[in-house]
Amino acid sequence: MIISFNRSLLEVSSTGAYIKSLVLDGEKIINDSHDGNDTHGGSAVLFPFGNRIRNAEYKYNNINYKLPKNNGENSIHGLVRDKIFNVIVLCNKIEFFMDFNDESYPGNAFINVSYILNERSFRTDFTVTSKNEKIPVEIGFHPYFYFPDKCIFRSGKIMMLNYLDEYFPDGTLSDTSINGSDISKLSIDNCFYVHGPVILEGNKKIRIDRENMDYLVIYTGLYEKTKSIAVEPMTGAPDVYNNKIGLIELNKGESFHCSYTINLI
């Protein structure tokens, strides 16, 4: 389905509340997938975890859970990407919602994802409510920003998570030199802790503001040929169910809200 606002346009799917493409004031912001995979372009919703869970397993409240192995021995990018959401379209706003439960996840949750399109801005909101018992939560989004020539990254204080191995953080942070760099020329697949807004500048300039999403995964690897950079707002770190870095826990009836906004400068 497609909604528009003057020269802005948003194309989405009810499967996974997936964003296929986004244009703001005539400028292409989010690049579509070149191969149809929803994490190789566009913007996928990642819930109830983002990025990877080591060995596709975790323990919660003394119960062992097994996740689908869809990234070697690991599980990646949550469990809702193939789920059909209910949808309400309201002029320049689309709301997706569903009751979520899965055999590999404790408890039931009500989740709501809303997109608001304006001429030079686009806002994504996510709210999750625990329906019956304590649940672990991590929320992420996987937008690929279209920068065909260069992508200068700027932010406030930024720290890089150190990794035990290729994919899994060890809980420590270190300084990084990517601030002010053209990240399209770098090979990055890492999680960062970032305060304040992020600026991406190349063929256009955008500002990304985040609420309750202090982590950011940057990916400039295999799919770089699509001329886009994945800059992924997250509420926690990779392997969050095991390392607890940024883990959110909700008791019955409790809710959590997060959002991010893209502004075309």
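The criterion of being over 19 Å from His257 (Cβ atoms) and either in a strand (DSSP E or B) or among the acidic types (Asp, Glu) (or both) holds for Asp82.
Restricting the first member to segment 52-77 and to residues that are touching a residue at least 40 places away in the same chain (Cβ under 8 Å), and the second to residues that are aliphatic (A, V, I, L, M), the beta-carbon pairs closer than 7 Å and six or more apart or on different chains are Arg52/Ile76; Ile53/Leu67; Asn74/Ile53; Asn74/Ala56; His77/Ala44; His77/Leu46.
One line per residue, one yes/no per condition, for (1) buried (at least 19 other Cβ atoms within 10 Å of the Cβ); (2) within 30 Å of Lys134 (Cα to Cα); (3) of a type in the set (Ser, Thr, Tyr):
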| site | (1), (2), (3) |
| --- | --- |
| Lys205 | no, no, no |
| Asp214 | no, yes, no |
| Thr220 | yes, no, yes |
| Ser228 | yes, no, yes |
| Gly236 | yes, yes, no |
| Leu247 | no, yes, no |
| Cys258 | yes, yes, no |
| Asn263 | no, no, no |
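For the residues Phe97, Phe145, Phe153, Phe122, the requirement of being within 24 Å of Lys252 (Cβ to Cβ) and part of a strand (DSSP E or B) singles out Phe97. Taken together, the residues in segment 4-19 that are farther than 15 Å from Leu264 by Cβ and buried (at least 18 other Cβ atoms within 10 Å of the Cβ) amount to 5.
Residues that are over 12 Å from Pro143 (Cβ atoms), touching a residue at least 60 places away in the same chain (Cβ under 8 Å) and not charged (D, E, K, R) within segment 12-39 comprise Val12, Ser14, Thr15, Gly16, Ala17, Leu24, His34, listed in sequence order. Among the residues of segment 225-265 satisfying the criterion of being of a type in the set (Gly, Ala, Ser) and not in a strand (DSSP E or B), which is farthest from Arg210 (Cα to Cα)? Going through the qualifying residues, I end up with Gly253. Considered as a group, the residues in segment 15-56 that are farther than 25 Å from Met98 by Cβ and assigned to a strand (DSSP E or B) include one that is farthest from the chain's Cα centre (by Cα), and that residue is Glu27. Considering segment 235-265, the residues that are among the polar types (S, T, N, Q) and more than 16 Å from the chain's Cα centre (by Cα) include one that is nearest to Asn203 (Cα to Cα), namely Asn263.
Restricting the search to segment 181-203, which residues are of a type in the set (A, V, I, L, M), touching a strand residue (DSSP E or B) at 6+ places or on another chain (Cβ under 8 Å) and in a loop (DSSP other than H, G, I, E, B)? Within segment 181-203, Ile188 is the sole residue that qualifies. Pairing residues of segment 249-265 that are at positive phi and touching a residue at least 40 places away in the same chain (Cβ under 8 Å) with residues that are polar (S, T, N, Q) and assigned to a strand (DSSP E or B), at Cβ distances under 7 Å and at least 6 apart in sequence or on separate chains, gives Gly253/Ser130. Looking only at segment 112-121, decide whether some residue is in contact with a Lys or Arg (Cβ under 6 Å, 6 or more places away or on another chain) and free of Cβ contacts under 8 Å to residues at least 40 places away in the same chain. Checked segment 112-121: at least one residue is in contact with a Lys or Arg (Cβ under 6 Å, 6 or more places away or on another chain) and free of Cβ contacts under 8 Å to residues at least 40 places away in the same chain.
All of the numbers you see were taken from the coordinates with simple rules; none came from a lab. As the structure is a prediction and not an experimental result, all values here were calculated from the model. Virtual Cβ from ideal backbone geometry, glycine too; neighbours counted across all protein chains shown.
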